Amino acid sequence: MTHLENVVLCRESQVSTLQSLFGELPHVFVNCVECFTLRLLLEQILNKLNHLSSSEDGYSTEITCETFNDFVRLFKQVTKAENLKDQTVYIVLDKAEYLRDMEANLLPGFLRLQELADRNVTVIFLSEIVWEKFRPNTGCFEPFVLYFPDYSIGNLQKILSHDHPPEYSADFYAAYINILLGVFYTVCRDLKELRHLAVLNFPKYCEPVVKGEASERDTRKLWRNIEPHLKKAMQTVYLREISSSQWEKLQKDDTDLGQLKGLSAHTHVELPYYSKFILIAAYLASYNPARTDKRFFLKHHGKIKKTNFLKKHEKTSNHLLGPKPFPLDRLLAILYSIVDSRVAPTANIFSQITSLVTLQLLTLVGHDDQLDGPKYKCTVSLDFIRAISRTVNFDIIKYLYDFL
């Protein structure tokens, strides 16, 4: 118990609860990001269980499994082993929200695995999003939900200070973490992101000490040295538009803040989730010929070569010719194609389009008395829309005709 509390800091009550519920019992741990297909996931679980059930000097063969029906049958066989027969077997699935992208019967199947396999088995889903976000629409057994609360600022201070480099004192690194949290805690409470920021900016904090210009206790001078660099880092929280090595090079060169505007142009305007997709759809409608929509947005369009579309006036890049106007119905059709979940054409969507026009990210083209409805143009740059796309994990380059 003490060992677990030292490994997992500031989670003593949760560790104690889990320890009392489960104890030290046979389990397999699988990451759903690494096992990104159904076959990989099922085979990983079965092979790890097979390894547990085989004797220490025995030889366990690799198990192949392609469907969930096969998984249930093979799971029964594997758990017949003497050391697993009377035990509760635990299957721990990390990043469980990725199960949504696999077959529809997978998540309900895991929730009913004990009933299907007639074995004493418990499946544990680990996720950073709430259960309601990935509950199957077809219905399933409701799991028991155990919430882990967010870390407080004191918890984060303790955890991050635990990572101090051996060449510096713990008090010196704790003072640095205190400064870091003072700047970033209001906008970012993600432990992984804060760890990344701590590692990235610590060399700049140490710079006066390394050069002999300040001592470890001269916090005022150290703060003045690190403050402008933390302000730059505030513009790229959660983003990976440049690598860590590029960021360090920018710090060494003392790059002016104004020169970084191309890296995070979209931080100057905050948009709602669906407004970002509307803007992406508008950009695609402005810079793709209308007849290529079938090529990009239909699943079974067949093979269409770019040479079939080329005409004399289209040999020039659409990005050089500038944005072309498009009707509202085309914008909505593209929007429904690129958004994963179903979006009803509600007044909220239309008000967001109006807001984008007000922000001058879209331009209304033509007169109000047009019978065929309004037309729009997208006025943002390629760098801007790529930055917006990255925030919603959408690869816009794959959908642009100029980049085929």
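The values are calculated or read from the model by the stated rules, or taken from the named source; none is laboratory data. Fair warning: this is a prediction, and the values are worked out from it, not measured in the lab. No Cβ is skipped: glycine too gets one built from the backbone with ideal geometry, and neighbour counts run over all protein chains shown. The accessibility values were calculated without ligands, DNA or RNA, using every heavy atom of the protein model including side chains. Shrake-Rupley method; radii C 1.70, N 1.55, O 1.52, S 1.80 Å.
General observations
- Helices (runs of 4 or more DSSP H) wholly inside segment 37-116 that include at least 2 residues being open to solvent by 80 Å² or more (accessible area, probe 1.4 Å): 38-53, 68-78, 82-85
- Residues of segment 98-122 that turn out to be within 21 Å of the chain's Cα centre (by Cα) and hydroxyl-bearing (Ser, Thr, Tyr), as a count: 1
- Residue in segment 302-324 that is modelled with the lowest pLDDT, counting only those that are open to solvent by less than 70 Å² (accessible area, probe 1.4 Å) and in a loop (DSSP other than H, G, I, E, B): Phe309
- Among the residues of segment 143-157, those identified as over 10 Å from Asn178 (Cα atoms), open to solvent by 70 Å² or more (accessible area, probe 1.4 Å) and in contact (Cβ under 8 Å) with a residue 24 or more places away in the chain are Leu146, Phe148, Asp150.
- Considered as a group, the residues in segment 186-244 that are in contact with an Asp or Glu (Cβ under 7 Å, 6 or more places away or on another chain) and of a type in the set (Val, Ile, Thr) include one that is modelled with the highest pLDDT, and that residue is Val209.
- Filtering segment 197-237 to residues that are part of a helix (DSSP H, G or I), open to solvent by less than 70 Å² (accessible area, probe 1.4 Å) and of a type in the set (A, V, I, L, M) leaves Leu197, Ala198, Leu200, Val209, Leu222, Ile226, Leu230, Ala233.
- Cβ-Cβ under 7 Å pairs, at least 6 apart or on other chains, segment 103-131 side farther than 17 Å from Leu49 by Cβ, far side open to solvent by 60 Å² or more (accessible area, probe 1.4 Å): Ala104/Thr138; Pro108/Thr138; Leu111/Phe141; Arg112/Phe141; Trp131/Val145
- The single residue among Val78, Val92 that is among the aliphatic types (A, V, I, L, M), more than 16 Å from Phe29 (Cα to Cα) and assigned by the TED database to the domain that holds His27 turns out to be Val78.
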